[in-house]
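Heads up: the structure comes next, in structure tokens.
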Amino acid sequence: MSKKEDNASGSLMEKIVSLCKRRGFMFQSSEIYGGISGFWDYGPLGVELKRNLKEAWWTDMVQGHNDLDTLPGAPSSYSMTGLDSTIIMHPQVWKCSGHYDLFHDMMQTCHGCKKLFRADHVWSIMEESEWVASFKKHAIDFASVNDTITWDAAAVKRWLEKKGKNAAPAMAGVSDVEGVIAKVVAEVAGQGTGTIVASRLFELLANATSTTEEALPCPNCAGRLTEPREFNLMFQTYAGALQTEENKTFLRPETAQGIFVNFKNVLDSSRFRLPLGIAQIGKSFRNEITPRNFTFRSREFEQMEIEFFCHPDQSRDWYMYWRDRRIAWYHSMGIASDRILLREHAEDELAHYSVGTADIEYAFPFLPEGEFGELEGISHRGDFDLRSHMEGKLDEKKRPLEVQLDENGQPKYRGSGRDLTYRDDLTNERYTPHVIEPSAGADRGVLAFLCEAYTEDQAPDEKGNMQTRVLMKFHPRLAPIKVAVFPLVKKDGMPELAKEIYLELKKSYNVFYDEKGAVGRRYRRQDEAGTPYCITVDGQTLEDRTVTIRDRDTLEQVRVLIDEVPAIIRKRIEG
Ligand code: GAP
């Protein structure tokens with residue numbers, strides 16, 4: 001079954017989630033206590049996958065970067081270095097960055113069950129809710145809440161009086177069937193079409209006849225939601241024994257600000273010149289109102305961010321370079337080009353600081369066919385951050401940017417007062433660098449690579465019968481286990497030889513040794529874990545010191561000398 005067909009049947013994501021738990025990629029945090037929404041733990045395979053992803057990013061972007069030559073597509077040569085800043089920082093950082101005032105989502109609360117929903121998620125959560133499923137099954141069926149449906153008063157009345165009582169207990173239509181039905185009838189009759197849009201029908205059913213202000217129905221209980229209100233996504237905490245306003249701090253919602261406030265430290269303590277990229281991998285925290293879609297929207301997650309500092313005149317070219325460089329990286333790590341794309345933001349979508357932003361988006365299987373979700377953002381941030389940390393928070397609405405003032409005409413949030421400009425020692429020019437920011441999520445990356453890797457094919461079992469095989473086609477660099485080593489049987493000196501190979505390879509890679517059960521079943525377990533190569537010691541090994549190397553994807557087996565194994569494996573993994 002192709003990924004597309006499987007996705008359309010809605011089961012691909014369920015299969016991936018189930019495999020993640022069964023094989024130890026991911027578990028819900030605190031699961032034995034019922035779990036905690038928006039937090040995920042990585043199990044034995046997951047931790048290796050995530051480490052490999054972060055390692056590949058760091059190797060390709062930072063440690064392995066060639067700063068002597070001009071790379072293809074780059075305006076010039078450039079330097080890359082790293083940083084590891086703290087999660088809790090001076091509260092002024094978040095005031096000047098804009099997160100204190102602007103980092104919020106709109107949320108709505110249910111008057112009945114008190115549950116909170118992100119305002120722009122209400123309808124999509126509702127589409128997946130139990131009461132809408134019941135309505136579709138027992139009253140009027142439709143595909144999307146945006147569909148126009150034929151009004152059937154009798155069916156809706158029956159549902160409100162019977163199934164709706166349990167499924168949507170707080171719905172106004174359940175307690176006032178006649179009144180609410182009359183309200184819908186009047187609206188449908190007024191339009192004279194005999195039809196109504198499903199979402200509008202639900203709005204009418206959720207509001208009692210006496211209520212003038214209409215509200216959206218709650219996705220959970222079908223009660224009435226409040227008006228959208230602002231909700232800041234930063235987690236608060238206190239540094240010090242006293243829970244006072246002065247001690248109030250925040251868990252960072254992005255790693256980027258740690259880089260901006262250390263920009264001068266890095267330059268002053270090294271011989272780097274601009275253009276320079278400073279990279280950081282670390283935890284970020286956002287109190288997401290409706291964490292959902294597995295790890296896609298979590299409350300604790302890891303980011304892999306680069307802040308790239310350059311001359312303002314070259315910033316457009318660097319922005320284009322980093323967009324292309326980053327999507328090429330995902331391709332090189334095995335993501336097929338038709339499931340990943342680069343989308344340039346429209347003017348009204350841009351973040352407050354952004355002069356231009358492009359998202360790298362992936363066709364996550366939990367999304368409807370043809371839709372893509374953000375994997376990484378590449379932003380042209382101009383000089384917003386460095387100037388805000390120098391002069392005081394800039395007013396994001398003003399062009400050109402100016403310091404935001406309070407009612408007394410003073411900076412609303414004062415900056416550090418430190419000089420964060422750069423002097424080019426060759427030209428003597430002094431300027432405030434512009435910043436290009438490729439900002440990737442490690443957890444979203446892991447999720448995309450898990451979705452991309454999940455494959456079902458047909459392969460013969462031990463008796464030659466074709467069976468459905470589940471395999472995770474990870475790029476060898478990402479695979480949690482690189483090689484599995486098996487003695488065909490547990491005797492005749494085979495385990496001893498297999499252990500020798502295992503210990504040799506283990507010096508460089510994560511290797512798995514397995515001598516239990518039929519060899520066919522051992523292969524299958526490794527296919528599911530995504531292990532690209534399995535080495536088997538068999539009868540022939542005892543005669544000529546050769547072993548077989550089996551390829552996970554092609555099932556091809558080649559026979560090679562034991563002494564050649566390390567070099568062959570290195571070449572296959574590292575290229
Ligand atoms: N410094 C810019 C910044 O943080 P962002 O678009 O808010 O930009 C960057 O986040 C990346 O971090 C996203 O593309 C995504 O991969 C990841 N990310 C953001 N919020 C997340 C969440 N709640 N759960 C998991 N990953 C998240």
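The values are calculated or read from the model by the stated rules, or taken from the named source; none is laboratory data. Owing to the predicted nature of the structure, the values given are computational and were not obtained by experimental measurement. Cβ placement follows ideal geometry from the backbone for every residue including glycine, while neighbour counts extend to all protein chains displayed. SASA here: full protein model, heavy atoms, side chains in, ligands and nucleic acids out. Shrake-Rupley method; radii C 1.70, N 1.55, O 1.52, S 1.80 Å.
Pairs meeting the criteria (first residue in the range 492-508 and on the phi > 0 side of the Ramachandran plot, second residue not acidic (Asp, Glu), beta carbons under 7 Å, at least 6 apart or on different chains) are 492/542; 493/542. Just one of the listed residues (306, 281, 335, 289) is aliphatic (A, V, I, L, M), part of a loop (DSSP other than H, G, I, E, B), closer than 30 Å to residue 572 by Cα and touching an Asp or Glu at 6+ places or on another chain (Cβ under 8 Å), and it is 335. Scan the range 358-368 and give yes if some residue there is within 30 Å of residue 14 (Cβ to Cβ) and more than 15 Å from the chain's Cα centre (by Cα), otherwise no. Yes: the range 358-368 contains one or more residues that are within 30 Å of residue 14 (Cβ to Cβ) and more than 15 Å from the chain's Cα centre (by Cα). Kindly indicate whether any position in the range 345-354 is surrounded by fewer than 22 Cβ atoms within 10 Å (Cβ to Cβ), touching a Gly at 6+ places or on another chain (Cβ under 8 Å) and not in a loop (DSSP other than H, G, I, E, B). So far as the range 345-354 goes, no, none of its residues is surrounded by fewer than 22 Cβ atoms within 10 Å (Cβ to Cβ), touching a Gly at 6+ places or on another chain (Cβ under 8 Å) and not in a loop (DSSP other than H, G, I, E, B).
Count of the range 261-278 residues, restricted to those that are within 16 Å of the ligand (Cβ to nearest atom) and assigned to a helix (DSSP H, G or I), is 2. Please verify whether residue 418 is assigned to a loop (DSSP other than H, G, I, E, B), closer than 24 Å to residue 101 by Cα, open to solvent by 90 Å² or more (accessible area, probe 1.4 Å) and modelled with pLDDT of 95 or more, treating the condition exactly as stated. Against the criterion (assigned to a loop (DSSP other than H, G, I, E, B), closer than 24 Å to residue 101 by Cα, open to solvent by 90 Å² or more (accessible area, probe 1.4 Å) and modelled with pLDDT of 95 or more), residue 418 qualifies. Filtering 340, 306, 360 for residues that are of a type in the set (A, V, I, L, M), over 26 Å from residue 120 (Cβ atoms) and within 15 Å of the ligand (Cβ to nearest atom) leaves a single hit, 306.
Within the range 241-250, does at least one residue satisfy the condition of being on the phi < 0 side of the Ramachandran plot, within 16 Å of the ligand (Cβ to nearest atom), open to solvent by less than 20 Å² (accessible area, probe 1.4 Å) and of a type outside the set (A, V, I, L, M, F, W, C)? Write out each step before concluding.
Quick first cut of the range 241-250, residues on the phi < 0 side of the Ramachandran plot only: 241-250.
Now restrict to residues that are within 16 Å of the ligand (Cβ to nearest atom): 250.
Narrowing the set further to residues that are open to solvent by less than 20 Å² (accessible area, probe 1.4 Å) leaves 250.
Narrowing further to those that are of a type outside the set (A, V, I, L, M, F, W, C): none.
Taking every residue of the range 241-250 in turn, none turns out to be on the phi < 0 side of the Ramachandran plot, within 16 Å of the ligand (Cβ to nearest atom), open to solvent by less than 20 Å² (accessible area, probe 1.4 Å) and of a type outside the set (A, V, I, L, M, F, W, C).
For residue 372, are the conditions met, namely being surrounded by 15 or more Cβ atoms within 10 Å (Cβ to Cβ), closer than 21 Å to residue 258 by Cα and not basic (Lys, Arg)? Considered against the rule, which asks whether it is surrounded by 15 or more Cβ atoms within 10 Å (Cβ to Cβ), closer than 21 Å to residue 258 by Cα and not basic (Lys, Arg), residue 372 comes out as no. Selection over the range 17-32 of residues that are open to solvent by 40 Å² or more (accessible area, probe 1.4 Å) and not in a loop (DSSP other than H, G, I, E, B) gives a count of 8. The residue of the range 474-527 that is surrounded by the most Cβ atoms within 10 Å (Cβ to Cβ), among those that are aromatic (Phe, Trp, Tyr) and in a loop (DSSP other than H, G, I, E, B), is 474. Against the list (1) under 30 Å from residue 534 (Cβ atoms); (2) more than 34 Å from the chain's Cα centre (by Cα), the condition residue 418 fails is (1). Close contacts from the range 288-303, counting a first residue that is near the ligand (Cβ under 8 Å from one of its atoms) and open to solvent by less than 20 Å² (accessible area, probe 1.4 Å) and a second that is modelled with pLDDT of 95 or more and of a type in the set (Val, Ile, Thr), with Cβ to Cβ under 6 Å and a gap of 6+ residues or different chains, come to 303/255.
Looking for something open to solvent by 60 Å² or more (accessible area, probe 1.4 Å) and away from the ligand (no atom under 16 Å from the Cβ) - is there at least one such residue anywhere in the range 326-336? Walk me through how you get there before you give the answer.
The initial filter retains those residues of the range 326-336 that are open to solvent by 60 Å² or more (accessible area, probe 1.4 Å), namely 331-332.
Subsequent filtering for residues that are away from the ligand (no atom under 16 Å from the Cβ) retains 331-332.
Taking every residue of the range 326-336 in turn, at least one turns out to be open to solvent by 60 Å² or more (accessible area, probe 1.4 Å) and away from the ligand (no atom under 16 Å from the Cβ).
The residues listed here are 554, 536, 531; of these, the one that is outside any helix (DSSP H, G or I), open to solvent by 20 Å² or more (accessible area, probe 1.4 Å) and within 30 Å of residue 449 (Cα to Cα) is 554. As for the range 214-234, it holds at least one residue that is open to solvent by less than 50 Å² (accessible area, probe 1.4 Å), among the hydrophobic types (A, V, I, L, M, F, W, C), closer than 30 Å to residue 252 by Cβ and assigned to a loop (DSSP other than H, G, I, E, B). Scanning the range 440-466 for residues that are open to solvent by 20 Å² or more (accessible area, probe 1.4 Å) and among the small types (Gly, Ala, Ser) yields a single hit, 464.
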